[in-house]
Every structure is written in structure tokens, then in C-alpha cells.
Amino acid sequence: MTTQRAAIILAAGKSTRMKSSRSKVLHPIGGRPMIEWVTSLARGAGIERIVCVVGEGNADVRAAAKGLGLDIAVQEPQKGTGHAVQCAKAALDGFDGQVVVLYADTPLITGETLNRVFDAFDTHALAVLGFEADDPAAYGRLITDGADLHAIVEAKECTAEQLRISLCNSGVVAASAADLFSACDRVKNENKKGEYYLTDIVEILRGDGKGATVVHASEAEVLGVNDRRDLASAESAFQNVMREAAMISGVSLKHPDTVFFAYDTVLEPDVTVHANVVFGPGVTVKRGATVHAFSHLEGAIVGEGANVGPYARLRSGTVLAENAKVGNFVETKKAIVGKGSKINHLSYVGDAELGDDVNVGAGTITCNYDGYNKHKTTIGDGVFVGSNSSLVAPLTIGAGAFLGSGGVVTKDVPVDALALSRADQINKLGWGARFRAVQEKLKAKRS
Ligand code: UD1
Ligand code: CA
């Protein structure tokens, strides 16, 4: 039988340094709130019991945690990380497996790393995730002897010699529930901050004859977010991971530093992405498709061999079939675009379903909104929509129909019909010459 696992996510901090009306852990990285990153990390490791520790004042965090299906423990007032873990004890009553403590403000830890933390239980009772810090600053220092961890000393408590140690505490700690809570019960607040430090459990458990060890991670992975600068650093670290992964998996990024991903962006092999492209959440781009410069996509599926942009905006619910094309200054929303269909220039296509091989002329607009409701436009296979057409929904255009340019189409168009919905043109012969003659005469009189 495999050992049961639980997680405690600490999120009770006041996050004053963010200077935000929103709690820190709800700020997004790659389009997903930090608290969701950490929840997804725990779930990915097969952890079902997750307790989120929140402060009385963090109503928004509590609502988010509830929405994610987490158990909630309230810590009020916040007396330190050791006290926060103790506050989760009641919620894990009767649980006797392994517990990992995660911070909601440390979003980028990978499942692979978390598994290595649990693997450490093979040899030690307590595992701490550590990293070599470029600038150890305020991080807790790890006092080690080979593979054994002897103590974690908070920067404020360090001797000058200990401050020179660059191996630091990420905050992630794992132990059996019994060891974790028994040690937390014995943590004291006799330190410079007067807080109950979770980090003290290393020495407490060592006193019980139980060994601790360090599992190593990179600094970028365990980056903790305290203020907006850290948020930007975490975002940038995340983007670099995604760019690397995309290129390794066979995607060409022409200028990787200018392509921005969301947490769930999927780019298949042989996709090409040009400069300055933003992927919001919910985008899949299939094999061989090209996304040209300055395009913005979210909630969209781009089919095999399709072409997007430059300067295209694909909004939620856009699905482009194979070899479809959405060109410059085109916005789509809830638009299904069939195989080989083209919307090449300056159009808005929303709440629409286009068949295969449709040609949408420049400047075409689906008028989908009447001020109260959204209506659908359906366009059959092989339809030719003349340039500068206004398609007033609800509207159905039969397959093979032609729409004359400049029309305001308000009635359904039958299969294979030609629809002309603009005023007839009148040519007045000789009018130009007569007009000029009159104007020239008037001009001569004035001067
Ligand atoms: C903590 C660690 C330090 C480590 C660093 C890594 C302790 C004593 N120190 O320091 O060794 O290098 O993280 O970033 O653990 N929180 C609560 N309730 C509290 C206090 C904190 O829920 O009473 C939560 C915060 O919301 C945050 C996390 O715990 O998610 C860390 O708290 P923070 O005050 O930032 O700890 P550090 O001083 O950075
Ligand atoms: Ca911190």
C-alpha cells in the first residue's frame, strides 16, 4: 500500500509589500493565480487532502481556496510559519500519512521536484527543499553536514559566519503528520521576531533522534513572491521555462524573448511563432501552423497548417480548422472557421460558424450584438463574402452563395444565390465635365 499524502498550503500572510487590494496569492503567473499553481502541484503529485491556511482578513483567498475544493484552516493572528502549520492540525485530524508544507507565494515548483522531496523519506524523517541563492539575503540558511541537515537558521538569527552560507530554505518541508505536528507543538517564539518558526522543527526532530535532509532545486524554481518585482521575476522565469520547452519539443520561436505563454499553452511540433506574440490561457496551436508577428490569442484552437496574423486577435471560442487563415487586423470571437477558409483583412467575425473554403472579403463585420443579445451568423461552404459587408445576425448564408461587396445583409441567402443589398449604382454621363466648368467660372468671378 502506498503511503497517504496531504499538503498544507500557507497563505495567511498579509502581503503588504504587493501594495494591492487583491491578496498576493491571487496574482497570476502565466495567466493563473499563484494559489492555483500550488494546488495543481499538489494534485499532480496525487495529493487529495489539501489544507489551505488563510488569515481572517483574506476573504478573497478563502473564496478562491473554496472554489479549488481545498479545506480551509484559519490562522488569526499570524504568529509565524510554525503556528500556521499548527492551525492546519485540526483539519488533518486522523490523517497519519506524509505531509508537505507548501507556500502559496512560491508558485513555480515542479512535480518532479516535489516527488524528489517525498523520495527523501526513504532515508530521512524530514525533508527540506533547498537551493543555492545568488543573494541569500533574508532567506533561512541550511546548516548541513554532507547529506544531513542539522538546522535551519533564519537570517535574523544567523552568526556572521552562518550568513555566508548560500544554501537556503525554500520553505517546502515534508514529514510524517505525526512528526510534523508533534514538533510544531514544541516550537517556541524565543527569537528576534517573536514568531513561531516552522524551521525550528529540524532541530526538534533531531533531538528526537530523527534525521533531516536537503533536496536541491534551482533558485528560479523556488522563487518566492513578496512584491511586484518578484512577481515580474517569477513571470519571467516561467516564460523562460515555457520557451525552452516549446523549442525543445520542435516549435520554432523566431524571437523567443518576445513570445509570451500562459500556463496551459499547447504548441505542437513544427509550429512557427514569429516575434511579439501573446498566448493567453486556453490556446492550442496544431502541427505546422504559423502565428505571425504581433498576434494575440486566447481560448483558441488553431488547426494544422493554419495561418494567423500578423496583427490578428483570436478571442475565446475561436476554432480554426486545417489551413484556415486569419490575417491582419482581424478579430474573431466564438468563431468556427472551416478548412481552408480565409478572413484575410480588417474584419470582425464573432458568434459565427463558417464552412470550408469560405472567402471573407476585407472589412467584413458580423453584426452579432443588438445591444441586448448576441446572435449567430452561419456561412455555408464555399461562400464568397464581398468586401465591406455587414452581416446582420441572426443570419444564414447558404453554401456556394455570393454576397456583393458593400452590402448590409439582413435576410438569409439561399444556396448558390447572389445577394445584392446595396443601392443600385447610377452613372450620370458627362456630369464631371459639367461640374468642373461651373466651378471654374465661379472661381474666376471671385478672383
Ligand atoms: C520563510 C522561512 C525561511 C525561508 C523563506 C523562503 C520561516 C520561519 N522562515 O521566511 O527560512 O527561507 O520563507 O521564502 O519559515 N505565513 C502564514 N502565517 C504566518 C506567517 C507566514 O501563513 O503566520 C505564510 C505566508 O503567507 C507565506 C509563507 O508562510 O506564504 C512564508 O511566510 P514569510 O513571512 O514570507 O516567511 P519568510 O520570512 O520569507
Ligand atoms: Ca517570504
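The values are calculated or read from the model by the stated rules, or taken from the named source; none is laboratory data. Remember, predicted model here, so these are calculated numbers, not experimental data. All Cβ positions, glycine included, derive from the backbone under ideal geometry; neighbour counts span all protein chains shown. Areas reflect the complete protein model, heavy atoms only, side chains present, ligands, DNA and RNA absent. Shrake-Rupley method; radii C 1.70, N 1.55, O 1.52, S 1.80 Å.
Brief remarks follow.
- Mean projected area (nm²) of the alpha-carbon convex hull when the range 167-294 is viewed from all directions: 11.2
- The range 98-141 - accessible surface per residue (Å², probe 1.4 Å): 36
- Normalised by residue count, the chain yields a Cα convex hull volume of 240 Å³ per residue.
- Summing charges over neighbours of V360, with a neighbour being any other residue whose Cβ is under 12 Å away from its Cβ, gives +1 when K and R count +1 and D and E count -1.
- Top of L253, L395, L418 by mean-square fluctuation, Gaussian network on the chain, Cα under 10 Å: L418
- Think of the chain as having a plus end and a minus end, set by charges on the Cβ of Lys, Arg, Asp and Glu; of H296, S252, V74, H296 sits farthest toward the positive end of this dipole.
- When the alpha carbon gyration tensor of the range 5-217 is reduced to an equivalent ellipsoid, its three semi-axes come out at 25, 19, 17 angstrom, largest first.
- Segment H255..K441, full-extension length gain: 60.8 nm, with 0.36 nm per residue of separation and the alpha-carbon distance subtracted.
- DSSP-defined antiparallel bridges as percent of all bridges, the chain, nearest 5: 20
- Fluctuation leader among K374, K24, K286 - the chain, Gaussian network, Cα springs under 10 angstrom: K374
- FRET efficiency for the K193 to N240 pair, using the beta carbon distance and R₀ = 25 Å, is estimated at 0.15.
- Shape call, the range 244-297: gyration tensor on alpha carbons, a/c limit 1.5: rounded
- Reported to the nearest whole Å, the Cα centre-to-centre distance from the range 43-75 to the range 86-109 is 10.
- Sites H375 and Q4, calculated FRET efficiency, Cβ-Cβ separation with R0 56 Å, nearest 0.05: 0.60
- Surface share of carbon and sulfur [accessible, 1.4 angstrom probe, percent] for the chain: 51
- On a per residue basis, the range 228-419 carries 44 Å² of accessible surface, using protein heavy atoms and a 1.4 Å probe.
- Most mobile of K334, K89, K66 in a GNM of the chain (Cα contacts under 10 Å): K66
- Shape of the range 301-408, Cα gyration tensor, a/c cut at 1.5: rounded
- CD proxy at 222 nm, helix term only [per DSSP H run n ≥ 4: -39500 (n - 2.57); per residue of the chain; nearest 500]: -6500 deg cm²/dmol
- Gain in span if fully extended, K156 to D119, counting 0.36 nm per residue against the direct Cα distance: 10.2 nm
- FRET efficiency for S316 and E76, using Cβ-Cβ distance with R0 set to 30 Å, rounded to 0.05: 0.15
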